[in-house]
Amino acid sequence: MTRRSTASGGISRRRLFGLGAAGVAAVGAGAVAGRSFIEEPVAHAASSSDPVAFYGPHQAGITTPAQDRLHFVAFDVITKKKAELVELLQEWTAAAARMTQGKDAGTFGAVGGSPEAPPDDTGEALGLPASGLTLTIGFGPSLFDERFGLADRRPPALADLPAFPGEDLQPEISGGDICVQACAHDPQVAVHAIRNLARIGFGKVSVRYSQLGFGRTSSTSRSQATPRNLMGFKDGTNNLKLEDTAMLRDHLWAAPGDGPAWMDGGTYLVTRKIRMHIETWDRAPLSEQEAIFGRDKGEGAPLTGHKEFDAPDFAKKGPDGQPVIAGDAHVRLAHPDAHGGARLLRRGYNFVDGSDGLGRLDAGLFFIAYQRDPRKQFVPIQRMLAEKDSLNEYIKHVSSGLFACPPGVVDGGDYWGRTLFA
Ligand SMILES: C=CC1=C(C)c2cc3[nH]c(cc4nc(cc5[nH]c(cc1n2)c(C)c5CCC(=O)O)C(CCC(=O)O)=C4C)c(C)c3C=C
Ligand SMILES: [Fe+2]
């Protein structure tokens with residue numbers, strides 16, 4: 001299933017909904033455009049080259065089993081005209097619907113248009129399959145300033161994050177009016193998607209910062225093995241997962257009554273670029289590394305258990321009378337038991353951005369977490385981690401982002417952010 005330009009620009013039903021041919025036959029032609037069909041999309045690719053459904057009640061790229069690669073971008077909106085911003089969101093949505101199904105960004109494509117005009121696709125993904133590409137949009141607090149008359153539509157849950165002890169945030173790689181998270185199994189496909197959105201947005205938005213990531217550091221489905229972060233530990237063991245339907249309802253999706261209705265079915269995204277002092281970490285003894293996380297490095301089991309998914313026993317004491325999982329261990333401090341049951345859906349990626357000129361790799365974790373209300377989830381968890389976590393000796397938070405991710409695009413007449421702007 002490779003991308004090519006089509007004269008009509010039409011997307012086949014099979015591709016549009018991420019269904020195999022058998023799936024289309026099973027639901028029947030009459031159901032294709034119906035809302036009941038849209039509410040139950042087959043949202044997840046069967047193989048790493050397949051497309052993921054773009055349309056649905058929630059945006060893809062959140063509970064979608066985490067793909068291997070990330071290209072995250074934050075844009076500043078530079079147009080002052082609301083109508084131009086809405087038009088851009090409509091153009092972006094059409095391009096996103098196409099690219100996520102393995103098509104060129106525009107209807108003429110990289111090589112199908114007039115030789116006298118710039119192509120409506122940049123071309124570097126020609127011949128590549130959809131590769132599980134998902135594109136997920138979010139709106140930052142700054143979009144709700146005086147420019148577009150949106151101040152009274154800002155959700156209370158999109159309250160600015162407080163300052164946390166020890167962070168060293170760089171403004172030029174923090175914030176942003178709009179973010180787009182592109183995840184795919186092929187980095188060229190993820191980069192192609194972001195590049196084309198930036199191209200389409202020329203004169204209306206400008207790239208504030210972007211971040212590449214690899215080796216997803218979280219599993220977001222029980223069908224996935226837990227990957228490892230650059231400290232060598234399994235990351236994502238006790239994560240909210242696609243299969244946890246009731247917990248996703250309670251901890252992930254904004255519900256009617258939570259805030260403004262335009263966010264119903266949406267969620268809130270917190271990003272943190274966290275630099276790791278990996279050279280120092282690599283000189284720490286294994287026992288110290290394991291004590292810091294409260295899990296063993298090989299299996300990923302809690303220090304009180306044997307297998308990865310054993311529940312940690314925070315009350316258990318060792319022969320020395322001390323807790324086996326230390327009071328300042330990462331998993332103790334981040335565990336829902338320490339926060340009245342609060343959970344996050346973590347979806348981070350490793351990064352290595354070259355070296356820092358001081359003989360060290362510029363490496364770490366681009367932390368990504370989705371949640372129903374950051375004031376009740378990310379903020380209290382991070383406050384406790386920032387104050388007490390023994391991991392702090394080896395990490396530094398250098399960037400921060402907060403975004404309201406609207407509900408999904410339901411069909412071809414809908415667009416990213418319609419519920420906010422309509
Ligand atoms: C504020 C939220 C969190 C930040 C920031 C964070 C940074 C961070 N985490 C790791 C590595 C691991 N984290 C693990 C578990 C874990 N982490 C958070 C939250 C934040 N982490 C939560 C909510 C949890 C789950 C705790 C639990 O319920 O047990 C683990 C253990 C394996 C797992 O369950 O995922 C690791 C390993 C790094 C390296 C890091 C910053 C660089
Ligand atoms: Fe963590």
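Scan segment 118-129 and report the pairs whose first residue is in the same structural domain as GLY106 (by TED's automatic domain parsing) and in a loop (DSSP other than H, G, I, E, B) and whose second residue is crowded, with 19+ Cβ neighbours inside 10 Å and small (Gly, Ala, Ser), with Cβ atoms within less than 6 Å and a gap of 6+ or a chain change.
Final answer for the pair search is PRO119/ALA110; ASP120/GLY106; ASP121/ALA105; ASP121/GLY106; ASP121/GLY109; ASP121/ALA110; GLY123/ALA110; LEU126/ALA110.
Would you confirm whether or not segment 273-280 contains a residue that is over 30 Å from PRO406 (Cα atoms) and part of a strand (DSSP E or B)?
Yes.
Taking the stated definitions as given, is VAL331 without any contact (Cβ under 8 Å) to a residue 24 or more places away in the chain, touching a strand residue (DSSP E or B) at 6+ places or on another chain (Cβ under 7 Å) and not assigned by TED's automatic domain parsing to the domain that holds PHE148?
So VAL331 fails the test.
If I filter segment 368-382 for residues that are among the acidic types (Asp, Glu) and either touching a Leu at 6+ places or on another chain (Cβ under 6 Å) or over 21 Å from ALA255 (Cα atoms) (or both), do I get at least one hit?
no
Would you confirm, using the coordinates I've provided, whether VAL324 is within 26 Å of PRO374 (Cβ to Cβ) and within 15 Å of ligand 1 (Cβ to nearest atom)?
no
Tally time: how many residues in segment 58-82 are of a type in the set (A, V, I, L, M), touching a Leu at 6+ places or on another chain (Cβ under 8 Å) and more than 11 Å from ILE178 (Cα to Cα)?
Looking only at that region, the number is 3.
Being on the phi > 0 side of the Ramachandran plot, within 11 Å of ligand 1 (Cβ to nearest atom) and surrounded by fewer than 19 Cβ atoms within 10 Å (Cβ to Cβ) narrows it down to one residue among GLY294, GLY359, GLY341; which is it?
Answer to the check: GLY341.
Quick grid of which residues meet (1) of a type in the set (Ser, Thr, Tyr); (2) without any contact (Cβ under 8 Å) to a residue 12 or more places away in the chain; (3) out of contact with any His (no Cβ under 7 Å at 6 or more places or on another chain):
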site	(1), (2), (3)
GLY166	no, no, yes
ARG195	no, no, yes
GLY201	no, no, yes
THR220	yes, no, yes
MET231	no, no, yes
THR237	yes, no, yes
ALA246	no, yes, yes
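Working only within segment 290-341, note down all residues that are more than 11 Å from THR237 (Cβ to Cβ), of a type in the set (D, E, K, R) and away from ligand 2 (no atom under 14 Å from the Cβ).
GLU290, ASP296, LYS297, ASP313, LYS316, LYS317, ASP320, ASP337 - these are the residues of segment 290-341 that are more than 11 Å from THR237 (Cβ to Cβ), of a type in the set (D, E, K, R) and away from ligand 2 (no atom under 14 Å from the Cβ).
Select from segment 344-356 the residues that are away from ligand 2 (no atom under 14 Å from the Cβ) and of a type in the set (D, E, K, R) and write down the one among them that is surrounded by the most Cβ atoms within 10 Å (Cβ to Cβ).
ASP353
The values are calculated or read from the model by the stated rules, or taken from the named source; none is laboratory data. The structure presented is a predicted model; accordingly, all values stated were derived computationally and were not measured. Backbone-built Cβ (ideal geometry, glycine too); neighbour counts: all protein chains shown.
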